[in-house]
Amino acid sequence: MPSSDPARASTGPSTGRRRELVATAKRLFLARGFAQTSVSAIVREAGVAQGTFYLYFKSKQSVLPYLRAEVLGHYLQAFEESTADTLAPADERLVAALIRIHAVMREQVPLIRVFREATSSEEIEQIWLEGRETLSRPFAQLIAAGRSDGSFVVDDDRMAAHLALALLDDLLFEALVWQRPAPPAQTLIHATRFLLRGLGSDSTRVEALCPMPTPTTLPDPIPDPIPEEQPA
């Protein structure tokens, strides 16, 4: 039976069918929730026999690695596009990357919730760790470029990248979903300023790159795409 690991997926005519099943499952997971979506519903929506599904996946759980790879691909694309101008200072590219990644994260909140519903806390942690490791590599390269152009002062590029991503993963997601510790736009500004200082930027440069807006200039909170009860 083919592996559920997207990196090991075969190429050829069968790839189109697999993609169709993944897209159908994603649509149903988002509309109904993971628990309420059965394999029968997926194949019925896709217009294929149930046996066809099991040619590609062991279970509906086996679809999730493909969706996780999709989300990670969006993050990597956002990072690469927003940091492509190598003539710009690294700190400017970092701020641009954080803004873009935050926008992508906002778009992916419903799918991230599917992952949280579908997997155990241990599996979720593994998902985040794998994604963080992948994102840390280009992030560390940008930090290294910042050391070269004088934007940053750090001891270890890779460690700095991991620390930055650990901060951003939880903080920005919680702001998007629960408006905590503050609305998303405000949280992004504070996180960016904190990160720039942690990487060695001086106060003047931080203010130039990411000024603190007055309450009247802050954008309205971004509405939660799927209402969810706040944790106690």
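Brief remarks on what is shown
- Just so you know, in the stretch 107-131 the residues that are surrounded by fewer than 17 Cβ atoms within 10 Å (Cβ to Cβ) and among the charged types (D, E, K, R) include one that is nearest to PRO183 (Cα to Cα), and it is GLU107.
- Condition met for ASP157 (at pLDDT below 90 and surrounded by 11 or more Cβ atoms within 10 Å (Cβ to Cβ)): no
- Test: residue in the stretch 63-75 that is assigned by TED's automatic domain parsing to the domain that holds MET105, within 30 Å of LEU209 (Cβ to Cβ), at pLDDT below 95 and hydrophobic (A, V, I, L, M, F, W, C): yes
- Hits in the stretch 1-18 - residues which are loosely packed, with under 13 Cβ neighbours inside 10 Å and either at pLDDT 95 or above or within 23 Å of the chain's Cα centre (by Cα) (or both): ASP5, ALA7, ARG8
- Of all residues in the stretch 37-51, those that are closer than 21 Å to PHE115 by Cβ have Cβ atoms under 6 Å from Cβ atoms of residues that are of a type in the set (Lys, Arg) and surrounded by 13 or more Cβ atoms within 10 Å (Cβ to Cβ), 6 or more apart or on another chain, in VAL39/LYS60.
- So GLN77, is it more than 18 Å from THR192 (Cα to Cα), assigned to a helix (DSSP H, G or I), within 10 Å of the chain's Cα centre (by Cα) and polar (S, T, N, Q): no
- Test for LEU30: is it farther than 28 Å from SER148 by Cβ, under 18 Å from the mean Cα position of the chain (by Cα) and not assigned by TED's automatic domain parsing to the domain that holds THR134: yes
- Residue selected from the stretch 80-97 under the condition assigned to a helix (DSSP H, G or I) and among the aliphatic types (A, V, I, L, M), by the criterion farthest from ARG32 (Cα to Cα): ALA90
The values are calculated or read from the model by the stated rules, or taken from the named source; none is laboratory data. The structure presented is a predicted model; accordingly, all values stated were derived computationally and were not measured. Cβ sites come from the backbone with ideal geometry, for glycine too, and all protein chains shown count toward neighbours.
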